[in-house]
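The structure appears below as structure tokens.
The values are calculated or read from the model by the stated rules, or taken from the named source; none is laboratory data. Please read these numbers as outputs of a predicted model, since none were measured by experiment. A quick note on method: Cβ atoms are made from the backbone with ideal geometry, for glycine too, and the neighbour counts reach across all protein chains shown.
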Amino acid sequence: MSNRNTRQVNLSDDHVKRVSNATPVQAIEELVWNSLDADATRVSIRIESNDMGNQSITIEDNGEGITEEQANAYLIYIGNSWKAAKSETKSGRPIHGQKGAGRFKSFSLGRIVDWKSVYQGKNDFYQLDITLNSDNANKFDISNPSVSKIKQSQSVITISELNKKVAGYNFDDIKTKLTQTFAIHLYTFPEIEILVNGYPINPEEAIASIKDYTLELDGLNGQHIVTIVEWSDIKSKKILLCKDNGTVLQEQKPEPYKVRSLDYSFSAYLSSDYITQLNNESSIDLVELTADGKSLLEACYQKINDHFKDKKDKERLERLQGWKDSGIYPFQDNSDPGVIEIAKREIFDIIASKVEDNLPKFSKANHKTKKFTFKLLSQALEENPQAMQSIMTEVLNLNTEEQDEFAKLLEKTSLSHIIKSAKIVADRLDFLDSLHTLVFDHKNSLLERDQLHKILENEAWVFDEHFALSASEKRLEDVLKIHLNELGKRCEDDRNVLINDERQGRLDLMLSKAIEVRPGQKDYLVVELKRPKKKIDSPVIAQIMGYAQAVSDDERFNKSDCKWKFLAISNELDSIAYRYANNANSPKGCVYSSPDGGIEVYVMTWSEVITNARVRLQFYQEQLRYEADTESSIAYLHKVHNEFIPQEMKKQA
């Protein structure tokens, strides 16, 4: 007679598969929570690997285990867990799960799940063996209980025949990820130990600081707390949604411009009665779509920003006091310094902090050198070019010619204007990164006229800083009429301008040079935008040549008064366009130049346009030491062009 019995979960295979869906780390986290809910004080995670990849994952704990009665009563149901009627374990710790679905997360790791449970009975300890197989996810085999040789309760779950994705998964940073999930729990309950491949998670080492804030929201009852944990070595910027008892449910990704960490590494744990309610209703993923959820998240974001702003301000005050105590601060104490003096000191404090942070030699310098450097910097704020030359030598390592140019600049402008100019450069660097993302990563969804065109209307500098947007989406004859007054009207004729004597032309962007390069004369740039997925080919070249021909043949324009440059842009050139654009006898990209030099036609890729713009900004970027990243560039898009970006980018923010 077999000592094993088969039990069936009262749900369809499809439903079981849905509740088992999870990433490898999420699945392991869920199994660890199950151990903690069983009142375990020690949980060990082991990932066995060889040259072929990961082979098995084992979670072992010293919890209460599961009895035969519990297995028969609860494992055949989802939503009828023994935890549903309890909020705490026997030792008084909060319970994470309620729905009895956590064990099925193991199917997202591998095909076979072997579960050995040792529990204490009336007279002895007993062992129960349970086997689950993802091929029949709604069934499991359970053994008859037998007297255990091990005389203490425990649970050992081993997942084998790992899924292909899990077998090749890189678990190198799993200890860091689990630290962020369980740090608060371990910090609150120091008797618990969680080990990853034999190495314990130590919240005391990982956590630099921890602080709780209570959120007060009108119209949303209950308790809402955000706990901000700053990490010592972990690089993180996370918001984690938690039940009201503090157990982590899932990560919440905020829009990039909503949270400013000011270079601090942190995890923010948002514990709320409302989140508990959503989780009970299986609708936690909709938190951003409800009015109460949106208000709760906004309050959380604001508290995080306030926390780090206060921290930064406090550090600045401590630094400032340190300068004063050491006698290197160049300003005298004044109970009523006045608005101008306050502004000057605030600018000095910011720049001096940058000097101290970015120059290792400065922090090691002697007192006399520090005092002298700060004195020079304060004199530069009085717009003394000679003093600023010394600062530039010490701080930016500019050569003599560059120092002279900077000194001349300071004679004509203020430091505040220089800071504004630096912001423009930083914004442009961010835009170039975001433009690259738009035209390459989202080329299949990006609309030329309704999105890309609208964005470039306010970013025309990307083609050439000398050009400013003058007209957009106008028929060719309208564009020419706009500029008749600037060039001098040649006749009263109101005829349409035709291309190849057949049809009216239509321009995507019309750019005019902001200054007269020759007395009484202007240069014009005509940009034809194509959807990024549309290659520039012979028809496109013919189209832009048609525009050029219309201008060249029109009797109303004296070509000696102006020069025209026509440019067609997309992601790629086909082989014919590439051959035209790389003619050894012409500038790169030029496919036509009129004999008198009055008309030029170019075709370029977005890669070339972006690269050229980067080159023009390179010097300023080097001096600013500013590096645009994905977060800052996407944040710029959302802030300046949010209504024109593809919907998928709005969702992933």
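Go through region 1-87 and tell me which helices (runs of 4 or more DSSP H), entirely inside it, have 2 or more residues that are under 29 Å from Ile174 (Cα atoms) and either under 33 Å from the mean Cα position of the chain (by Cα) or modelled with pLDDT of 90 or more (or both).
Qualifying helices (runs of 4 or more DSSP H): 13-19, 24-37.
So for region 577-585 (the condition being assigned to a helix (DSSP H, G or I), in contact with a helix residue (DSSP H, G or I) (Cβ under 7 Å, 6 or more places away or on another chain) and modelled with pLDDT of 85 or more), does at least one residue qualify?
Yes; the residues of region 577-585 include at least one that is assigned to a helix (DSSP H, G or I), in contact with a helix residue (DSSP H, G or I) (Cβ under 7 Å, 6 or more places away or on another chain) and modelled with pLDDT of 85 or more.
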* Asked: Is there a residue being surrounded by 17 or more Cβ atoms within 10 Å (Cβ to Cβ), outside any helix (DSSP H, G or I) and either at pLDDT below 65 or in contact with a Lys or Arg (Cβ under 8 Å, 6 or more places away or on another chain) (or both) anywhere in region 412-426?
  -> no
* Give the residue that is surrounded by the most Cβ atoms within 10 Å (Cβ to Cβ), with candidates limited to residues of region 107-130 that are in contact (Cβ under 8 Å) with a residue 24 or more places away in the chain and among the polar types (S, T, N, Q). => Ser117
* To do: Exactly one condition in (1) more than 26 Å from Pro203 (Cβ to Cβ); (2) surrounded by 14 or more Cβ atoms within 10 Å (Cβ to Cβ); (3) of a type in the set (S, T, N, Q) is not met by Thr276; state its number.
  => (1)
* Asked: How many residues does region 147-197 hold that are farther than 20 Å from Thr227 by Cβ, within 33 Å of the chain's Cα centre (by Cα) and without any contact (Cβ under 8 Å) to a residue 60 or more places away in the chain?
  -> 6
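Would you say Thr158 is polar (S, T, N, Q), at pLDDT below 90 and assigned by TED's automatic domain parsing to the domain that holds Ala137?
Details: polar (S, T, N, Q): yes; at pLDDT below 90: no; assigned by TED's automatic domain parsing to the domain that holds Ala137: yes.
So Thr158 fails the test.
For Asp313, state whether it is within 26 Å of the chain's Cα centre (by Cα), among the acidic types (Asp, Glu) and on the phi > 0 side of the Ramachandran plot. Reasoning before the result, please.
Working: within 26 Å of the chain's Cα centre (by Cα): yes; among the acidic types (Asp, Glu): yes; on the phi > 0 side of the Ramachandran plot: no.
Criteria not met by Asp313.
Tally up the residues in region 252-273 that are in a loop (DSSP other than H, G, I, E, B) and surrounded by 15 or more Cβ atoms within 10 Å (Cβ to Cβ), please.
We begin by selecting, within region 252-273, every residue in a loop (DSSP other than H, G, I, E, B); these are 253-265.
From the residues that got through so far, the ones that are surrounded by 15 or more Cβ atoms within 10 Å (Cβ to Cβ) too are 254-261, 264-265.
So the answer is 10.
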* To do: Could you give me the residue pairs with C-beta distances under 9 Å whose first residue belongs to region 295-317 and is at pLDDT 90 or above, whose second residue is part of a helix (DSSP H, G or I) and surrounded by fewer than 17 Cβ atoms within 10 Å (Cβ to Cβ) wherever it lies, and which are 6+ apart or on separate chains?
  => Leu297/Glu288
* Got a sec? Which of Leu249, Leu270 is under 21 Å from the mean Cα position of the chain (by Cα) and not assigned by TED's automatic domain parsing to the domain that holds Ile634? -> Leu270
* Take Gly92 and decide whether it is modelled with pLDDT under 90, among the small types (Gly, Ala, Ser) and more than 19 Å from Arg42 (Cβ to Cβ). => no
